[in-house]
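Each remark here refers to the structure printed beneath this line.
What follows is calculated from the coordinates using simple rules that are stated; it is not laboratory data. All of these numbers come straight from a predicted model, not from anything done at the bench. Neighbour counts are summed over all protein chains in view; Cβ atoms, including those assigned to glycine, are modelled from backbone coordinates with ideal geometry.
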Amino acid sequence: MTQKIVAGNWKMNLNYEEAKVLLKELINNKDKFNPEVQLVICPPMPYLSSFSEVLNGQSWIHLGSQNNFFVDKGAYTGEVSPSQLKSLGVTFGIVGHSERRDNFNEDYSVISKKVKALLDHDIRPIFCCGEQLQVRDSNVYKEFIMKQITDSLFKLKADEISKMVIAYEPIWAIGTGQTATAEQAQEIHTLIRSRIASQYDEKTANAVAIIYGGSCNGENANELFAQNDIDGGLIGGASLDLDSFLTIANAF
Ligand code: PGA
């Protein structure tokens with residue numbers, strides 16, 4: 001295993017007061033978290049600024065964005081640029097989540113520009129990939145996932161892709177309570193790593209963190225994280241509760 005990363009994707013949940021309570025709970029329980037695990041929280045965008053101030057000097061929790069635009073500044077009403085995120089102390093950024101691909105029609109060309117823009121500002125992209133249930137059932141899921149990766153990422157240079165976090169999130173497992181088995185997840189994670197190794201080289205492939213997302217919780221995290229190529233998790237629902245997030249983060 002290359003590194004250990006557990007990232008909480010809070011999505012569009014929690015009002016500001018509730019979010020501040022959860023952040024405070026995390027901070028107050030710092031000593032209970034395994035210091036070898038890089039913890040990331042990705043709260044709703046409007047909270048990043050005050051979270052960044054509260055977290056100032058608390059480098060054990062990294063701040064992540066859930067989305068970004070790919071242009072630095074200008075007349076793009078409603079968008080947030082990587083340089084603005086950087087100025088807030090954001091060090092990770094989720095890109096290409098299936099909810100954005102589906103609800104906002106983000107395709108590989110937009111996603112690859114967003115990834116590159118984050119890397120240009122020294123923010124580690126958490127690039128999401130994964131298949132719908134019908135793709136899994138049709139048995140071409142491996143080709144489907146490989147195409148997501150090659151189309152969106154393989155124009156990057158080796159030193160860029162080595163900074164990536166790739167989250168394998170089977171869409172049929174997101175928010176459904178249905179998890180990929182540890183074997184199903186490991187199969188895809190190994191495939192992703194070996195595809196990167198054949199396109200770039202072994203060292204680059206081993207530097208990429210490949211994490212699992214999709215109903216990962218306190219009960220299944222242990223078995224998932226025990227797999228060779230699973231370097232952690234991107235956690236949705238279970239990251240909204242201190243105890244479950246703590247159990248997952250300590251599941252290595
Ligand atoms: P979930 O979400 O853990 O609630 O399934 C994961 C994600 O969408 O990142």
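Structure summary
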| item | result |
| --- | --- |
| DSSP beta bridge pairing in the chain, given as percent antiparallel to the nearest 5 | 0 percent |
| For segment 215-226, 3J(HN,Hα) per residue [Karplus equation, 6.51 cos²θ - 1.76 cosθ + 1.60, θ = phi - 60°, Hz, x = Gly/Pro] | 6, 6, 9, x, 7, 9, 4, 4, 5, 5, 6, 6 |
| Low-density loop positions, trypsin sites (Lys or Arg not before Pro), segment 140-232 - DSSP coil, at most 15 other Cβ in 10 Å | LYS155, LYS157 |
| Selection of chymotrypsin sites (Phe, Trp or Tyr not before Pro), segment 69-146, meeting DSSP coil and at most 16 other Cβ within 10 Å | TYR76, PHE104 |
| Least to most buried among LEU118, LEU23 (fewest other Cβ within 10 Å first) | LEU23, LEU118 |
| Selection from LEU240, THR181, SER112 lying farthest towards where the dipole of segment 112-252 points positive, charges on Cβ | SER112 |
| Anchor LYS4: aspartates and glutamates whose Cα lies under 16 Å away (excluding residues fewer than 8 positions away in-chain) | GLU36, GLU223, ASP229, ASP231 |
| Built amide H within the under 5 Å cut-off of VAL40, gap 5+ | VAL6, ALA7, GLY8, HIS62 |
| Pairs beyond 22 Å (Cα-Cα), from LYS11/LYS155; LYS11/LYS73; LYS20/LYS116; LYS114/LYS147; LYS116/LYS157 | LYS11/LYS155; LYS11/LYS73; LYS20/LYS116 |
| Where a label projected 7 Å from the Cα of THR247 along Cα→Cβ would reach, residues of segment 159-179 with amide N under 18 Å | 175-179 |
